[in-house]
């Protein structure tokens, strides 16, 4: 009975899509329209700028949302956390070091994405070349994310458990 119902739903969906006029998917409905002029086709300008600036871009959500503070937000909430002068200095140094690393790693991702674009723009894209370049991009992207995540771990090591709890409250992560 369930299988028959599922087949009926699939048949209805197929009939509905077949009934759409062929011209319904015109240029204006294409979400990629206009993006062909981007400097890096696979990345928005905001993403390129974020990578080059070493911005967080959500890379450390697994850490942040599981109680591992980041240095920037810890410094923003310095008063609420009652940071010592030593902690402030250590967090500022950590943030500076991380930003340098994240910018360097982000620039690598942007460079590799441009190289992937070039494979296609020059009609040199082959399955092997694509596999190789995408693997490089994935590894570079992984290094960016790992840098952000490890920085949250290092930040947490600089704080007391009470400060971590105050951080979570200040950021709105209370239970």
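Taking the stated definitions as given, is residue 60 under 19 Å from residue 139 (Cα atoms), in contact (Cβ under 8 Å) with a residue 60 or more places away in the chain and buried (at least 17 other Cβ atoms within 10 Å of the Cβ)?
Considered against the rule, which asks whether it is under 19 Å from residue 139 (Cα atoms), in contact (Cβ under 8 Å) with a residue 60 or more places away in the chain and buried (at least 17 other Cβ atoms within 10 Å of the Cβ), residue 60 comes out as yes.
All but one of (1) loosely packed, with under 13 Cβ neighbours inside 10 Å; (2) over 20 Å from the mean Cα position of the chain (by Cα); (3) modelled with pLDDT of 95 or more hold for residue 66, so report the exception by its number.
(2)
Here are 38, 3: which of them is modelled with pLDDT under 90 and either surrounded by 12 or more Cβ atoms within 10 Å (Cβ to Cβ) or touching a helix residue (DSSP H, G or I) at 6+ places or on another chain (Cβ under 6 Å) (or both)?
Residue meeting the stated conditions: 38.
Within region 121-134, does at least one residue satisfy the condition of being free of Cβ contacts under 8 Å to residues at least 24 places away in the same chain, within 30 Å of residue 36 (Cα to Cα) and within 17 Å of the chain's Cα centre (by Cα)?
So in region 121-134, the residues free of Cβ contacts under 8 Å to residues at least 24 places away in the same chain come out as 121-134.
The next check asks that each one be within 30 Å of residue 36 (Cα to Cα); those that pass are 121-134.
If we keep only those that are within 17 Å of the chain's Cα centre (by Cα) too, we end up with 134.
Yes.
Within region 135-168, which residues are touching a residue at least 40 places away in the same chain (Cβ under 8 Å) and loosely packed, with under 14 Cβ neighbours inside 10 Å?
153
The values are calculated or read from the model by the stated rules, or taken from the named source; none is laboratory data. Predicted, not measured: the structure shown is a model, and the values here were computed from it. Virtual Cβ from ideal backbone geometry, glycine too; neighbours counted across all protein chains shown.
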